[in-house]
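Novice: Have a look at this one before I ask anything.
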Amino acid sequence: MTGLFSEVFLSALLFGAVTAAIPLLLAGLGEQMSEKAGVLNIGIEGMMLAGAYLGFVGAFYSGSLWLGFLTGAAGGVAVALVMALLCVRIGLNQIVIGIALTLGLEGLTALLHHFQFS
């Protein structure tokens, strides 16, 4: 039990926690900005899913890390544009659309991953 809390383990745990927290902190910062603009963005997890999946697929098939970054950003922007179109322009409920986008993209990315890489 004394080996569990060794210096190496604790430093690796701290490094992993900080590394995993950075994307969530950036998403939270974006959510805070949209909240100040008056948009309740519940679908931010769906935007992260679309960006992560498309970024992986873009980098995997092209072999270029930069193209992966660009396709990931394009995926997140595309979902954000759908959210903005439905909520701001058409005037639909922001909570319902955000939850629908998150659940729909969670299923869609899992389905696409299963068919492409299984």
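Novice: Compute the separation of the alpha-carbon centres of segment 21-52 and segment 53-105 and state it in Å as a whole number.
Specialist: Spelled out, the Cα-based centre of one part sits 11 Å from the other.
Novice: What is the distance, in nm, between label points placed 7 Å from the Cα along the Cα-to-Cβ direction at LEU85 and at LEU14?
Specialist: 4.7 nm
Novice: What full-extension length gain, to one decimal in nm, is calculated for LEU4 and MET33 as 0.36 nm per residue of separation minus the Cα-Cα distance?
Specialist: Extending this stretch completely gives an extra 6.4 nm.
Novice: Two decimals is fine: what's Rg over Rh for the chain, C-alpha atoms, Kirkwood radius as Rh?
Specialist: Rg divided by Rh gives 1.09.
Quick note: the coordinates plus some simple rules give every number you see, no bench work behind them. Quick caveat, the model's predicted, so the values are computed rather than measured. Positions of Cβ are generated from backbone atoms using ideal geometry, with glycine treated the same way; all protein chains shown enter the neighbour counts.
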